[in-house]
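Novice: Structure provided below as structure tokens; questions to follow.
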Amino acid sequence: MSRFNFKVLLLLSSGHLVVDTFQGALPAVLPFLKDNLNLSYTMAGIILIMSNITSSVIQPFFGLISDKKEKAFLLPLGAFLAGAGFCLLPLARNYSLVLLSVAISGMGIACYHPEGFKTARFFTGQRMATGMSVFSVGGNTGMALGPILALCIIQYGGFLSLGWMFLLPMLFVTAIIVFRRSVAVPNSGTQPASKGKTSSSKAAYLALFLIICTIIMRTWILFGLMTYIPFYYINYLKGNPVFAGKLVSLLLIGGALGTLAGSPLADRWGHLFWLRFSMLSCALMFPFILWLQGAALFAIVFLFGLVLISTFTVTIVMGQNLFPDNLGVISGLVVGFAIGAGGIGVTLLGVIADHFGVPVAIKCMGVLPVAGFLLTMILRYPVAQQLKDKPSALGD
């Protein structure tokens, strides 16, 4: 049984922060790409489709490669490509080059995640959700920092200054090379032992399917808000871009804190219980995002992000527990494919925005947490969790 190794998890988390900084920054720079190239909302949505296909949907392919044998080189390569593709965006002079740059960045993100989650799992010991949250919070923090960092650079240095963000992957590549021996998974230790293994039964496949559907709902909400908060405040209300960036970053900062706070509670009270609680809470809070203003708006956006993304690590661990012998593929499915499929739904919001306006598109997102909650209510999670105090909290 592997032991909890905070130092290695922190290093892997820093790489997760780097690659997801670029994923979080992309929706924030879409209004500038839209203006520079005279794009429609639907064309802007297609940029996100390209990002989600290359960064998320194809992640199971990299997971399959990782499951056959550890591919540690995917970690620095992923960070390098994620930054290089994004930083080429200001140089793109037409729509095709924008899509190519986004695809390069997305491939880097797809390289990093399955290998990163698989390697992190080895160093979590028995505190799976808690340990994985250390790794995951790096990505949540990167998603939070991305919008405000990119918008601040654009405001003070211009769109062409985005190239300075390439310093982030170069720092991580240097660090991962220096500490490569610490991060290496011992050859003799294949997969970390997992109590409560389940066979690949129909119940396990059905549970995985419902978990993925719930993640799609959660991601559609998150990416929808990340995308249309900037459009709403910059293009619709003609407001300050930095204000919009602060709202998006606050949403994701709340999510980063929720990842750390929610995982120990899920380990204690049950993964399925916490997933249901999160979806129901978000369904109740979403209308207030449309009604509140000022400080109250910032507070509800922060709280919404905290609760919504608090299940990010939980759903990863649920999927890995269902199929502990296929950690790379499962990580690619629940982190990559499910998140990418949810992000593709943002394109539908773009069509709605083109025909009915941005406010209507945002209001349509209110049905998604309700759908997510209903999915969790029919989910049965056939894995015996190690719950010392409340073994009945699974909700089965």
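The values are calculated or read from the model by the stated rules, or taken from the named source; none is laboratory data. The model shown is predicted, which means the values in this text are computed figures rather than measured ones. Note: ideal-geometry Cβ built from the backbone for every residue, glycine included; neighbour counts use all protein chains shown. Heads up: the accessible areas ignore ligands, DNA and RNA and are worked out on the full protein's heavy atoms, side chains in. Shrake-Rupley method; radii C 1.70, N 1.55, O 1.52, S 1.80 Å.
Novice: Which angle from 0 to 90°, rounded to the nearest 10, does the C-alpha axis of helix 95-122 make with the longest principal axis of the chain?
Specialist: The two axes meet at around 20 degrees.
Novice: Springs between alpha-carbon pairs under 10 angstrom, Gaussian network model over the chain: which of Ser278, Ser182, Ser51 fluctuates most?
Specialist: Sorting by GNM fluctuation, first place goes to Ser182.
Novice: Give the carbon-plus-sulfur fraction of the accessible surface of the range 310-376 in %, rounded to a whole number; probe 1.4 Å, heavy atoms of protein chains only.
Specialist: 77
Novice: Quick one: angle between helix 74-87 and the longest Cα principal axis of the chain, in degrees between 0 and 90, rounded to 10, please.
Specialist: Helix 74-87 sits roughly 10 degrees off the main axis of the chain.
Novice: Can you count the Lys pairs in the range 1-157 with C-alpha separation below 29 Å, eight or more apart or on different chains?
Specialist: Close lysine pairs found across the range 1-157: 7.
Novice: Between rounded, prolate and oblate, where does the range 278-375 land on the alpha carbon gyration tensor, with a ≥ b ≥ c its root eigenvalues, rounded for a/c under 1.5, else prolate if a/b exceeds b/c?
Specialist: oblate
Novice: Nearest 10 degrees is fine. How inclined is helix 241-269 to the longest principal axis of the chain, computing both from alpha carbons?
Specialist: Relative to the chain, helix 241-269 is tipped by roughly 10 degrees.
Novice: Further, regarding this structure: Classify the range 259-327 as rounded, prolate or oblate, taking a ≥ b ≥ c as the square roots of the eigenvalues of its Cα gyration tensor: rounded when a/c is under 1.5, otherwise prolate if a/b is larger than b/c and oblate if not.
Specialist: Taking the square roots of the gyration eigenvalues as a ≥ b ≥ c, the range 259-327 is prolate.
Novice: Over the Cα atoms of the range 108-150, compute the convex hull volume and normalise it per residue, giving Å³.
Specialist: It comes to 62 Å³ per residue, whole-number rounded.
Novice: Still on this structure, please answer the following. Averaged per residue, what accessible surface does the chain expose to a 1.4 Å probe, in Å²?
Specialist: So the chain comes to 40 Å² accessible per residue, rounded to a whole number.
Novice: Now for a separate question. To the nearest 500 deg cm²/dmol, what mean residue ellipticity at 222 nm is calculated for the chain from DSSP H runs of n ≥ 4 alone, each contributing -39,500 (n - 2.57), summed and divided by the residues?
Specialist: Mean residue ellipticity at 222 nm (helix-derived): -24500 deg cm²/dmol.
Novice: In the full protein assembly as shown, how much of Arg180 is accessible to a 1.4 Å probe, in Å² to the nearest 10?
Specialist: 140
Novice: Taking a probe of 1.4 angstrom, what is the accessible area of Lys363 in Å², to the nearest 10?
Specialist: 130
Novice: Subtract the Cα-Cα distance of Val178 and Ala296 from 0.36 nm times their separation in residues, and report this length gain in nm to one decimal.
Specialist: 37.9 nm
Novice: Once you have the Cα-Cα distance between Ala203 and Val367, take 0.36 nm times their residue separation minus that, and quote the gain in nm to one decimal.
Specialist: That works out to 56.3 nm of additional length.
Novice: Compute the Kirkwood hydrodynamic radius of the range 1-159, taking the inverse of the mean of 1/r over all pairs of distinct Cα atoms, and give it in Å to one decimal.
Specialist: Mean inverse Cα-Cα distance, inverted, gives 16.1 Å.
Novice: Just for the Cα atoms in the range 206-283, what are the lengths along the principal axes, largest first, rounded to whole Å?
Specialist: Sorted from largest, the Cα extents of the range 206-283 read 44, 26, 17 Å.
Novice: Using the Kirkwood radius over C-alpha pairs as Rh, can you work out the diffusion coefficient of the chain via Stokes-Einstein at 37 °C, viscosity 0.692 mPa s, in µm² per second?
Specialist: 158
Novice: I've got another one for you. Just Asn326, Asn235, Asn140 to compare: in a GNM of the chain, with alpha carbon springs under 10 Å, which one fluctuates most?
Specialist: Answer for the Gaussian network model of the chain: Asn235.
Novice: Rounded to the nearest 0.05, what FRET efficiency is calculated for Ser161 and Thr42 with R0 set to 35 Å and r the Cβ-Cβ distance?
Specialist: 0.80
Novice: When the chain is fully extended, how far beyond the present Cα-Cα distance does Val351 get from Phe288, taking 0.36 nm per residue of separation?
Specialist: 20.3 nm
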